[in-house]
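Novice: The structure under discussion is supplied below as structure tokens; questions concerning it will follow.
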Amino acid sequence: MDRIDPTPLDEALARILSEPSWAQQILTATAVTLATEEPFLVATTADIDTVLTSVAELLLSGLPDVVADEAMERAASALPMPGPRETQSTYALRLRAAAGAV
């Protein structure tokens, strides 16, 4: 059987599909920030939302509003609830797992 060489369009599509989505990038960057800035503080919904919003503003600036809004909605809907007395670093581990499922 003859092998068909990929076209530039095939290569571009493969590259796009292999990159993390905007929502995954938001969640992963939020997890990194929570785990490194104040890892031993108790994770609160307010603190998580603040970090998520800051990260999203940085990552999504310059994108069309419809793309940014959809990415933020997907990221926000995937956020796990913090457990009682769960530290930010522990929460960040669960958040990274959630990012992989988006």
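Bear in mind these aren't lab numbers, they're just calculated from the coordinates by the rules spelled out. Note that the structure is a prediction, hence the values are computed from the model and not measured. A quick note on method: Cβ atoms are made from the backbone with ideal geometry, for glycine too, and the neighbour counts reach across all protein chains shown.
Novice: In debye, nearest 20, what is the charge dipole magnitude of the chain about its Cα centre with +1 on Lys and Arg Cβ and -1 on Asp and Glu Cβ, if you could check?
Specialist: Working: 6 positive and 15 negative charges, 87 e Å.
Magnitude of the dipole: close to 420 debye.
Novice: Also, I was wondering about something else. Apply the Karplus curve 6.51 cos²θ - 1.76 cosθ + 1.60, θ = phi - 60°, to the phi angles in segment 82-89 and return the couplings in whole Hz, x for Gly and Pro.
Specialist: x, x, x, 6, 6, 6, 5, 5
Novice: Using helices alone, I'd like the mean residue ellipticity at 222 nm for the chain: each DSSP H run of four-plus residues gives -39500 (n - 2.57), total over residue count, nearest 500. Please list the in-between numbers first.
Specialist: Values: 5 runs with 70 residues, N = 102.
So the calculated ellipticity at 222 nm is -22000 deg cm²/dmol.
Novice: Moving on. Using a 10 angstrom cutoff on alpha carbons, build the Gaussian network for the chain and name the most mobile of Val42, Val55, Val66.
Specialist: Judging by the Gaussian network model, the answer is Val66.
Novice: Neighbour counts of other C-beta atoms within 10 Å: give me Val102, Val67, Val51, Val32 arranged from fewest to most. Intermediate values should be presented prior to the final figure.
Specialist: Numbers: Val102 18, Val67 12, Val51 22, Val32 15.
The most exposed by this proxy come first: Val67, Val32, Val102, Val51.
Novice: Also, quick follow-up: Can you tell which of Ala14, Ala75, Ala46 shows the greatest fluctuation in a Gaussian network model of the chain with Cα springs below 10 Å?
Specialist: Largest GNM mean-square fluctuation: Ala14.
Novice: What's the Kirkwood radius of the chain in Å, using all Cα pairs?
Specialist: The answer is 14.8 Å.
Novice: Let me ask something else. How much net charge surrounds Ala101 when only the other residues with a Cβ under 12 Å from the Cβ of Ala101 are counted, with Lys and Arg +1 and Asp and Glu -1?
Specialist: +3
Novice: Which listed residue (Ala71, Ser61, Ala98) has the Cα farthest towards the positive end of the charge dipole for segment 21-101, taking +1 on Lys and Arg C-beta and -1 on Asp and Glu C-beta about the Cα centre?
Specialist: Of the options given, the answer is Ala98.
Novice: Let me ask you something else. If each residue's Cβ is checked for other Cβ atoms within 10 Å, how do Ser89, Ser18, Ser77 rank with the fewest at the top?
Specialist: Ser18, Ser77, Ser89
Novice: Right, another one. Scanning the chain for trypsin sites (Lys or Arg not before Pro) in DSSP loops with at most 13 other Cβ atoms within 10 Å, what's the longest stretch left with none?
Specialist: Longest gap between qualifying sites, sites excluded: 4-84.
Novice: Can you give the local net charge around Leu60? Use residues other than it whose beta-carbon is closer than 13 angstrom to its beta-carbon, Lys and Arg +1, Asp and Glu -1.
Specialist: That sum, taken over residues with Cβ under 13 Å, equals -4.
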